[in-house]
Amino acid sequence: MQKIQNTALPADQTQNGFFGQDILSVDQFDRQGLAYIFHVAEEMRSMVERFGSADLLQGKILANLFYEPSTRTSSSFIAAMERLGGKVIPIHGVQYSSVSKGESLPDTVRTLETYADVIVLRHPDVGSAALAAHYAKKPVINAGDGIGEHPTQALLDLFTIKEELGTIDGLRVAMVGDLKYGRTVHSLTKLLKLYNVTLEFVSPPMLRIPNNICLELKHVGIPYRELENIHDVIKDVDILYVTRVQKERFSDLVAYEKVKNYYIVDPALMSQAKGKMAIMHPLPRVGEISYAVDEDPRAAYFRQMKNGMYIRMALLAAVLGKA
Ligand code: NCD
């Protein structure tokens, strides 16, 4: 649906390319757009470090609508909005909303946008954010649509890669674990194809990266390999992006049990890795990275998680025309 634009705002705040827009897929971003969001995220971080909060989004309301469990994505969106002076309608746990009475997603979204200025949506169905955006006049931000995409996570992942290694071009990045159902892997891979990288997809045979993503990589000439053994890549990678096997996406729990502990990153494995590299994970982890690795300076997953709030502050400010 055509989005409402507040033309009373000064032009410099509305011409960032994101004002009034939905954020549904990483396909919307080019290198210039990413550089802009990362620059605003850096400014948000220094603002939070110096003052804690600002009044940039004072008077604005975010509807935070989560139809799937979440700790980090949900709470970092709330923190992002509140640190910018805005307010939040949290709908967490659909059992407490009219969804439990059988209300449709379009009707729920049409309701929330009459109260809020922006909607963040997590939902188990691929394409749900696009469906919500079709009915909403206010910007919709996709916080994970089933096994589809998780664009805001990919932005914070890419930001973290740049922060940890100082560059993105020239890196060798390994994605490890559930590459079939892991939406964060799908979105991050799509973003990385804008850079000069080499990709290693390490997974059990039943959890391989989807073919459509391989086709996209071939199309732009990004070199990649599909492997099963993590030892074949550990010595050479600059980024080890580890993921949880997505239990909730399995119809056959016997199959899940077979692959759930396929890879475990522990100090012995890390002793073979480069001195300058980063271990990342979107979290939650359920055993793929042993706690003993947390003390390793290359363990970047807690820094990565923290970056999520700055990226989401930048996105909220951008779509509301205040960045
Ligand atoms: C991820 C997700 O929800 O896709 N978590 C997150 O948003 N940080 C990854 C996962 O659940 O495994």
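What follows draws every value from the coordinates through simple rules; no lab data is involved. Computed from a predicted model, the values in this text were never measured in an experiment. Glycine gets a Cβ as well: all are built from the backbone with ideal geometry, and neighbour counts include every protein chain shown.
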Antiparallel %, DSSP beta bridges [both residues in the stretch 129-286], to 5: 0 percent
R298 paired with T114, simple spin-label distance in nm, labels 7 Å along Cα-to-beta-carbon: 5.6 nm
Inverse of mean 1/r across different Cα pairs in the stretch 152-305, Kirkwood, Å: 15.5 Å
Cα→Cβ-extended label distance, 7 Å offset, between E103 and L215, nm: 3.8 nm
Farthest toward positive dipole pole in the stretch 152-305 [+1 Lys/Arg, -1 Asp/Glu at C-beta], among S271, G177, L215: L215
Long pairs among K87/K138; K137/K322; K193/K322; K193/K306; K87/K162, criterion Cα-Cα beyond 26 Å: K193/K322; K87/K162
Antiparallel content of DSSP bridges confined to the chain, in %, to 5: 0 percent
Overall dimensions of the chain by Cα: Rg and Dmax, Å: 19.5, 59
Kyte-Doolittle at least 0.0, axis length at least 20 Å by Cα - qualifying DSSP helices, the chain: 151-165, 301-319
Long-range amide H partners of V118 with built H, under 5 Å: I61, A63
Over the stretch 152-305, relative contact order from alpha-carbon pairs under 8 Å, at least 6 apart, %: 25 percent
Between the stretch 268-323 and the stretch 178-224, the Cα center-to-center distance that results, in Å: 19 Å
